[in-house]
Amino acid sequence: MTDSPVITNDELPTANAEARSTQQGRITVTRKRVLSSPETLTLVALLLAAVLSLIFMQYLVAAPKVLFGRSLSPIAPSLFPTIVLALMAVMCAGALWMIRSGVVAEQSTRMTWTEWVRAITLFGIMILYALTMKPFGFLISTAIATSLISLHMGARNVIQIAAVALIGPVALYLAATQLLAVSLPELDVVEKTYSSILSAGSAGPAEAVDPTVAE
């Protein structure tokens, strides 16, 4: 059995320095790995996107419709996007700080090629949703995006996909236009149909004619 090496008092400062250097090197490698992890890069991208969107909000959200010099929407269309983007920026910044300070354990496993493809596909669906919003309107573009996301998430039940694609956009449209009084981009045909349905529903029953009234 071999004897373990003995560190003398003269060699102790050198050994401590080497230990600190090794520890600092490990910390540096860990920080570099954290900064290059897909999760952290995604947080950084979302943070930059949220901040830039808040800065250029006036170019991203269309002005509300005006009738006789007055806005048809009592709430500014940019209010809710501003709230959502501000919350997203705060949450991303908080998550980055927690990862950087070591409060949250770093992700040790890397994303596989399949996971990257799924993430890129979802990003492409959202880009398609944004591009089809103006030419197709809110209802049609939201129904298409909802169907594609359902298929992307693994749903294969046609009835379930159709129900989500029909009920979800209509509920969001009614909540935005009726409850929040926010105008959404929509086709003229859809708006006319929607207005006629609401007018027919809000109109009271026709007054009954008294048959005893003499002609």
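The values are calculated or read from the model by the stated rules, or taken from the named source; none is laboratory data. All of these numbers come straight from a predicted model, not from anything done at the bench. Positions of Cβ are generated from backbone atoms using ideal geometry, with glycine treated the same way; all protein chains shown enter the neighbour counts.
What the table below lists for this structure:
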item: Enumeration of residues in the stretch 103-121 that are at pLDDT 75 or above and of a type outside the set (A, V, I, L, M, F, W, C); result: Thr112, Thr114, Glu115, Arg118, Thr121
item: Single unsatisfied condition, Asn157 versus (1) modelled with pLDDT of 90 or more; (2) among the polar types (S, T, N, Q); (3) surrounded by 14 or more Cβ atoms within 10 Å (Cβ to Cβ); result: (3)
item: Selected residue [surrounded by 12 or more Cβ atoms within 10 Å (Cβ to Cβ) and among the aromatic types (Phe, Trp, Tyr)] from Phe138, Phe123; result: Phe138
